[in-house]
């Protein structure tokens, strides 16, 4: 995102908190296992932090019979350059987890629909990818969506993330395309939160379905609409909407995902 957009996102991100770390690893520290499963680090801003997206992905994996360890470093309003300069993300990449190095590191910034934002996304994706591969992991791009008042720029958002993923031979999680596929099925699907930019619980669930499906090479169908995220936290999507979002994620991953 541009610097102006970044500052605007900082204001929005105050609704969701500032720098954050997922507590998933701490919750799992008591579980001894000979198989560490897949380990995924999420790096981004409040579009990752909202509704604890990494924990939703983890809960979907658990429901699908997969062992997934997650952690995250998020900084409100940040683009990838901000995350690099802050230093927390780089330390997390290098540190790995108690159960081994990361398998995948997920990168996310703002919509990046403007040309200068696309250039910025691609430049810093390449820098992060070199650091990620040095630690034996694969980079991934989590494609987001434009604000509601900029829906006409959806194609540009998709192109920015697709190009960045291709630049580094990384995975592409087409969450934004999942939203579009959902709206083709139901134009009233409630994917935005009240600010018309951040995701609602259903919006994060849709994004998580896309990420789960691409990580495990599975169509994300037949998964629960209600998920336990740990610490008494749950996410509860109306069953009919959950089914619609699962079909949308399956379509988006097949058409736009990069394995």
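Remarks
- Qualifying residue in the range 88-99 (condition: modelled with pLDDT under 95 and farther than 27 Å from residue 169 by Cβ): yes
- Criterion: out of contact with any helix residue (DSSP H, G or I) (no Cβ under 8 Å at 6 or more places or on another chain), farther than 15 Å from residue 55 by Cβ and without any contact (Cβ under 8 Å) to a residue 40 or more places away in the chain - qualifying residue of 188, 246: 188
- Residues located in the range 183-196, provided they are under 17 Å from the mean Cα position of the chain (by Cα) and under 15 Å from residue 151 (Cβ atoms): 191, 192
- Residue within the range 112-121 that is closer than 30 Å to residue 153 by Cα and without any contact (Cβ under 8 Å) to a residue 12 or more places away in the chain present: yes
- Once the range 211-242 is narrowed to residues that are out of contact with any strand residue (DSSP E or B) (no Cβ under 8 Å at 6 or more places or on another chain) and free of Cβ contacts under 8 Å to residues at least 12 places away in the same chain, the residue that is surrounded by the fewest Cβ atoms within 10 Å (Cβ to Cβ) is 232.
- Among the residues making up the range 87-112, those that are assigned to a loop (DSSP other than H, G, I, E, B) and surrounded by 23 or more Cβ atoms within 10 Å (Cβ to Cβ) are 102, 108, 109, 110, 111, 112.
- Flag for residue 6 being outside any helix (DSSP H, G or I) and either in contact with a strand residue (DSSP E or B) (Cβ under 8 Å, 6 or more places away or on another chain) or at pLDDT below 50 (or both): no
- Long-range neighbours under 9 Å by Cβ, at least six apart or interchain, first residue touching a residue at least 24 places away in the same chain (Cβ under 8 Å) and on the phi > 0 side of the Ramachandran plot within the range 195-207, second surrounded by fewer than 24 Cβ atoms within 10 Å (Cβ to Cβ) and assigned to a loop (DSSP other than H, G, I, E, B): 196/147
- Residues that are in contact (Cβ under 8 Å) with a residue 24 or more places away in the chain, in a helix (DSSP H, G or I) and surrounded by fewer than 19 Cβ atoms within 10 Å (Cβ to Cβ) within the range 134-176 comprise 148, 149, 150, 153, 154, 156, 159, 162, 163, 166, 167, listed in sequence order.
- Comparison of 144, 168 shows that the only residue that is more than 15 Å from the chain's Cα centre (by Cα) and over 17 Å from residue 68 (Cβ atoms) is 168.
- Some residue of the range 191-210 being surrounded by fewer than 17 Cβ atoms within 10 Å (Cβ to Cβ), part of a helix (DSSP H, G or I) and out of contact with any strand residue (DSSP E or B) (no Cβ under 8 Å at 6 or more places or on another chain): no
The values are calculated or read from the model by the stated rules, or taken from the named source; none is laboratory data. What you see is a predicted model; the values in this text were computed from it and never measured. Methodologically, a virtual Cβ is constructed for each residue, glycine included, from the backbone with ideal geometry; neighbour enumeration extends over all protein chains shown.
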